[in-house]
Amino acid sequence: MGILVNIDVMLAKRKMGVGELSEKIGITPANLAVLKNGRAKAVRFSTLEALCRELQCQPGDLLVFEPDSEPDGPRTVEG
């Protein structure tokens, strides 16, 4: 699974819409939707800080690591 994004959960808890949050943190609703839906490849710390400030939460409330299935075997690093 990888990293799960729980912005939608925090929005529901705070009874806030995507448009309102995007305006408060200074990003477009489209970019917030990309992040919210887990399609973002990266997130700026300034954006994460703004999300936490406006949603009154910690980064771990928004981002959760879900490991993939069991590894197939030992991994080696060649170099």
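The values are calculated or read from the model by the stated rules, or taken from the named source; none is laboratory data. What you see is a predicted model, and the numbers here were worked out from it, not measured in a lab. Positions of Cβ are generated from backbone atoms using ideal geometry, with glycine treated the same way; all protein chains shown enter the neighbour counts.
Listed values, structure above:
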| quantity | calculated |
| --- | --- |
| Residue match in region 6-13 (condition: touching a Leu at 6+ places or on another chain (Cβ under 7 Å) and surrounded by fewer than 14 Cβ atoms within 10 Å (Cβ to Cβ)) | no |
| From the options Gly2, Gly79, residue that is touching a strand residue (DSSP E or B) at 6+ places or on another chain (Cβ under 7 Å) and either basic (Lys, Arg) or at pLDDT below 95 (or both) | Gly2 |
| Residue within region 48-58 that is loosely packed, with under 15 Cβ neighbours inside 10 Å, outside any helix (DSSP H, G or I), at pLDDT 95 or above and of a type outside the set (D, E, K, R) present | yes |
| Residue in region 27-42 that is more than 12 Å from the chain's Cα centre (by Cα), surrounded by 15 or more Cβ atoms within 10 Å (Cβ to Cβ) and part of a loop (DSSP other than H, G, I, E, B) present | yes |
